[in-house]
Amino acid sequence: MTSGTLHDASWLVTDRTVGASQGAFAFNNLAVHVGDDPDAVTVNRAALGRALGVPAVVFARAAHGRDVAYVEAVTADVEGVDGLFTDRTDVAIAAQGADCVMVGVCTADGWIAAVHCGWRGLVVGVVPATLRALTVAGAALQGAVAHLGPSICGKCYKVDDRRAAEVAHAAPAAVVTMGSQRGVDVRVGVLEQLRAAGVNATWDPRCTAEDPRLYSHRRDGVTGRQALAIVRRPA
């Protein structure tokens with residue numbers, strides 16, 4: 001588990017080292033849609049809430065698109081969106097991933113967002129869409145900062161030429177070449193899109209496919225999900 005701060009917000013990135021899940025989902029799976037025991041997921045999510053000091057965490061149920069949703073109060077998983085945002089100080093929001101990038105954003109004027117972004121998210125622009133949603137809601141992006149959780153690296157995420165071309169159109173720096181093989185480093189692409197919007201970011205350098213303490217769908221197939229959760233702290 002890693003943690004840090006962005007302006008008045010605290011973020012936390014989970015791993016799979018400690019929790020109630022078993023088997024392919026051992027031990028700290030936070031996703032309800034992957035086939036894990038629901039009771040185990042409930043225990044794991046409760047532990048995440050305690051670590052953040054909140055009663056519960058609101059999760060996005062990723063759709064690999066660019067839809068985002070405002071969160072006003074604690075609720076069940078928000079389906080069909082890849083980003084959540086809020087200006088509440090009592091609501092924690094989270095994005096999940098098992099190779100895709102999980103992004104936490106905080107503006108200087110008190111808005112936060114949690115975003116899931118894979119290669120499709122790069123292509124359709126879920127991160128820019130989230131930043132636009134923040135500005136439409138009234139947030140100022142000047143001084144906004146972000147943190148990216150661990151994700152699969154480019155050499156572990158090999159793709160065919162067609163997918164590489166799609167990604168290159170949206171985020172050229174994300175495509176890496178290894179001899180005759182192409183790969184996609186989604187983290188590099190997200191950083192490129194954040195910088196284009198003037199948002200400074202830090203990132204976790206770990207590769208999910210290389211680190212057994214992290215969930216990786218590309219490595220394991222059936223597996224759980226880690227999360228990046230973020231919450232504003234009262235002044």
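Values as computed for the structure displayed
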read-out: Pairs with Cβ under 8 Å, 6+ apart, first in segment 33-47 and under 13 Å from F59 (Cβ atoms), second of a type in the set (D, E, K, R); value: H33/R61; V34/R225
read-out: Flag for V74 being assigned to a loop (DSSP other than H, G, I, E, B) and closer than 25 Å to C153 by Cα; value: no
read-out: Selected residue (criterion: surrounded by the most Cβ atoms within 10 Å (Cβ to Cβ)) from residues of segment 63-79 that are within 19 Å of L134 (Cβ to Cβ) and without any contact (Cβ under 8 Å) to a residue 40 or more places away in the chain; value: V71
read-out: Test: residue in segment 29-52 that is open to solvent by less than 20 Å² (accessible area, probe 1.4 Å), touching a Cys at 6+ places or on another chain (Cβ under 7 Å) and on the phi < 0 side of the Ramachandran plot; value: no
read-out: Options D109, D99: the member that is touching a helix residue (DSSP H, G or I) at 6+ places or on another chain (Cβ under 6 Å) and open to solvent by 10 Å² or more (accessible area, probe 1.4 Å); value: D99
read-out: Subset tally (residues that are among the aliphatic types (A, V, I, L, M) and buried (at least 22 other Cβ atoms within 10 Å of the Cβ)) for segment 53-62; value: 4
read-out: Qualifying residue in segment 40-52 (condition: out of contact with any Gly (no Cβ under 6 Å at 6 or more places or on another chain), at pLDDT 95 or above and not in a helix (DSSP H, G or I)); value: no
read-out: Cβ-Cβ under 7 Å pairs, at least 6 apart or on other chains, segment 183-208 side open to solvent by 10 Å² or more (accessible area, probe 1.4 Å), far side of a type in the set (G, A, S) and assigned to a helix (DSSP H, G or I); value: D185/A174; V188/A173; V188/A174; E192/A173; E192/A174
read-out: All positions within segment 151-175 that are open to solvent by 10 Å² or more (accessible area, probe 1.4 Å) and small (G, A, S); value: A165, A168, A170, A173
read-out: Residue ID - farthest from T89 (Cα to Cα), chosen from residues in segment 1-20 that are assigned to a loop (DSSP other than H, G, I, E, B) and under 14 Å from the mean Cα position of the chain (by Cα); value: D15
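Condition check ((1) at negative phi; (2) more than 14 Å from the chain's Cα centre (by Cα); (3) of a type in the set (S, T, N, Q); (4) open to solvent by less than 10 Å² (accessible area, probe 1.4 Å)) across all residues:
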| residue | (1), (2), (3), (4) |
| --- | --- |
| V123 | yes, yes, no, no |
| A137 | yes, yes, no, no |
| Q181 | yes, yes, yes, no |
| Y215 | yes, no, no, yes |
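The values are calculated or read from the model by the stated rules, or taken from the named source; none is laboratory data. These numbers come from a predicted model, not from an experiment. Here the Cβ is made from the backbone with ideal geometry for all residues, glycine too, and neighbour counts use every protein chain on show. When the accessible area is computed, the model is the full protein with side chains, heavy atoms only, and any ligands, DNA or RNA have been set aside. Shrake-Rupley method; radii C 1.70, N 1.55, O 1.52, S 1.80 Å.
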